[in-house]
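The values are calculated or read from the model by the stated rules, or taken from the named source; none is laboratory data. Quick caveat, the model's predicted, so the values are computed rather than measured. For neighbour counting, all protein chains shown are included, and Cβ atoms are generated from backbone atoms with ideal geometry for every residue, glycine included. Accessible surface is based on the protein model in full, side chains and every heavy atom, while ligands, DNA and RNA are left aside. Shrake-Rupley method; radii C 1.70, N 1.55, O 1.52, S 1.80 Å.
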Amino acid sequence: MNISLISKSVLTGLFAGYFFHNLFVFDNIVSYIIFFSVIAYIHSQMTRDEIPAAPKEKKSASLEHIYIPLVVLGFLFVLYFVNWKGFMASRELIEAIRPQSAGLSSNFDHFKKSLAYDSFGMPEAREQLAQISAQIAGMTAPDDIKRKFFEFGRDELEKQVKTFPNDARYELLAAVYLNKFKLYDDAIGHLEKAKSLSPKKQAIRFELASSYISKKEYEKALNLLKETYELEPNFADARDLYAVAAIYAGRTDIAEDILIPAYGTMAVAKDEFVNAYVSVGDYQTVVLIWQKRISELNKVGEDNPQFRISLAAAYLKTGERQKAILELEKVIKLNPNFKDQGEYYINEIKAGRNP
């Protein structure tokens, strides 16, 4: 191998820098290309003297006239269908997710243009479309714009599922989207397919159980989450969701067997437990959860007016009206902007009404 000492030092430094760089950066295609280019260069230097020189042959001018145009056409074909279409689709996608002065209609048009290029970036564009459509559904926007985004997002996700029929990830993505719009039956269809493709994927099982709970099919959710929990009992999320399903299904005995060893209480300070206890009307436990959340904040010198409003609402449900008033008075002190609304609530409570 005919490489000077200086060249060897430079190449060694390149490798050292590359491996140090990889400690902090992953999946970087640029450094990957450079790495293999250096490997190729070293290989060419090592084998240069081993390859016998090919005998010179007189090339046919007519063949050159055929090859050169074919190479140029092939280059232009690849440039357009791989590089140019991908570039244009990406540019339109960036504009689609960026706030537009012309409003959401402009974002919608950019999404349509991006997807019309039918490039290799279609999956990313469709995922971004689904996220934006879900966000717009919760915004103050014209109903026709919300409907256009929703329908376009749903149709494109269906196309994605059909393009990749054996990919559980896209089935899950479509289901999450449909669940956000309360189309639970359609979502369950995708989730059942995803579960058949990836039977032990817990994210799929959790989303399917969520769909069942939203449909009030609590026994189905309970059985599914029991099976999921038993796959890995040490997984805290699976344990908690199994307990949540038990609460919805009225099986407090199961929830107690799961939660007491883990937390020492049934009042677990997480939103999913609040929603479950509210659903079954167990407001005493809801009170305990909000008290616990506020206590944890107070320990570090903080407070949360919204937590206290939620606690006041829970007190009303348990008939502790004076305690509800005291919490609302504390909220007014924490947030003076709440004064008018808070005093209205207090007056309603004093009058024997629930605001």
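Please go through the range 261-275 and pick out each residue that is within 27 Å of the chain's Cα centre (by Cα), of a type outside the set (Val, Ile, Thr) and over 15 Å from Asp237 (Cβ atoms). Show your work before the answer.
Let us first name the residues in the range 261-275 that are within 27 Å of the chain's Cα centre (by Cα), namely 268-275.
Filter once more, so that each one left must be of a type outside the set (Val, Ile, Thr): 269-273, 275.
Within the range 261-275, Ala269, Asn275 qualify.
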> Got a sec? Which of Tyr283, Tyr277, Tyr263 is hydroxyl-bearing (Ser, Thr, Tyr) and open to solvent by 60 Å² or more (accessible area, probe 1.4 Å)?
Replying inline: Tyr263
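State yes or no: is Leu208 open to solvent by less than 30 Å² (accessible area, probe 1.4 Å), of a type in the set (A, V, I, L, M, F, W, C) and within 18 Å of Arg251 (Cβ to Cβ)? Show your work before the answer.
Details: open to solvent by less than 30 Å² (accessible area, probe 1.4 Å): yes; of a type in the set (A, V, I, L, M, F, W, C): yes; within 18 Å of Arg251 (Cβ to Cβ): no.
It is false that Leu208 is open to solvent by less than 30 Å² (accessible area, probe 1.4 Å), of a type in the set (A, V, I, L, M, F, W, C) and within 18 Å of Arg251 (Cβ to Cβ).
Scan the range 248-258 and give yes if some residue there is aliphatic (A, V, I, L, M) and in contact with a Ser or Thr (Cβ under 8 Å, 6 or more places away or on another chain), otherwise no.
Of the residues in the range 248-258, the ones aliphatic (A, V, I, L, M) are 249, 254-255, 258.
Going one step further and asking which of them are in contact with a Ser or Thr (Cβ under 8 Å, 6 or more places away or on another chain), we end up with none.
Checked the range 248-258: no residue is aliphatic (A, V, I, L, M) and in contact with a Ser or Thr (Cβ under 8 Å, 6 or more places away or on another chain).
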> Between a first residue in the range 58-82 that is assigned to a helix (DSSP H, G or I) and a second residue that is aromatic (Phe, Trp, Tyr) and modelled with pLDDT of 70 or more, which pairs have beta carbons less than 9 Å apart while being 6 or more apart in sequence or on different chains?
Replying inline: Val82/Phe120
>> Looking at the range 181-206, I want the residues that are on the phi > 0 side of the Ramachandran plot and have a partner that is at pLDDT 95 or above with Cβ atoms under 9 Å, at least 6 apart or on another chain. Which pairs are those?
In response: Lys182/Ser214
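Residues checked against (1) open to solvent by 50 Å² or more (accessible area, probe 1.4 Å); (2) β-branched (Val, Ile, Thr); (3) part of a helix (DSSP H, G or I):
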| site | (1), (2), (3) |
| --- | --- |
| Ala102 | yes, no, no |
| Ser106 | no, no, yes |
| Asp109 | yes, no, yes |
| Ser114 | no, no, yes |
| Ala125 | no, no, yes |
| Gln131 | yes, no, yes |
| Ala141 | no, no, no |
>> Can you say whether Val287 is closer than 26 Å to Tyr344 by Cα, in contact with a Ser or Thr (Cβ under 8 Å, 6 or more places away or on another chain) and among the aliphatic types (A, V, I, L, M), as far as the supplied structure shows?
In response: yes
> Counting only residues that are modelled with pLDDT under 75 and among the hydrophobic types (A, V, I, L, M, F, W, C), how many does the range 76-95 have?
Replying inline: 4
> Yes or no: Glu272 in a helix (DSSP H, G or I), within 30 Å of Ala312 (Cβ to Cβ) and charged (D, E, K, R)?
Replying inline: yes
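Quick one: in the range 248-268, which of the residues that are touching a Lys or Arg at 6+ places or on another chain (Cβ under 7 Å) and part of a helix (DSSP H, G or I) is nearest to Tyr212 (Cα to Cα)?
Here is the first cut: in the range 248-268, the residues touching a Lys or Arg at 6+ places or on another chain (Cβ under 7 Å) are 258, 262, 267.
Those still in the list that are part of a helix (DSSP H, G or I) too: 258, 262.
On the way: Ile258: 21, Ala262: 25 Å.
Ranking the candidates gives Ile258 first.
Give the residue, chosen from Leu178, Leu231, Leu222, that is in contact (Cβ under 8 Å) with a residue 24 or more places away in the chain and either loosely packed, with under 14 Cβ neighbours inside 10 Å or in contact with a Pro (Cβ under 9 Å, 6 or more places away or on another chain) (or both).
On the way: Leu178 fails: either loosely packed, with under 14 Cβ neighbours inside 10 Å or in contact with a Pro (Cβ under 9 Å, 6 or more places away or on another chain) (or both); Leu222 fails: either loosely packed, with under 14 Cβ neighbours inside 10 Å or in contact with a Pro (Cβ under 9 Å, 6 or more places away or on another chain) (or both).
The conditions single out Leu231.
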> Quick one: how many residues across the range 315-344 are open to solvent by 90 Å² or more (accessible area, probe 1.4 Å) and of a type in the set (S, T, N, Q)?
Replying inline: 3
> Given (1) out of contact with any Ser or Thr (no Cβ under 9 Å at 6 or more places or on another chain); (2) modelled with pLDDT of 95 or more, where does Ala269 come up short, assuming only one miss?
Replying inline: (2)
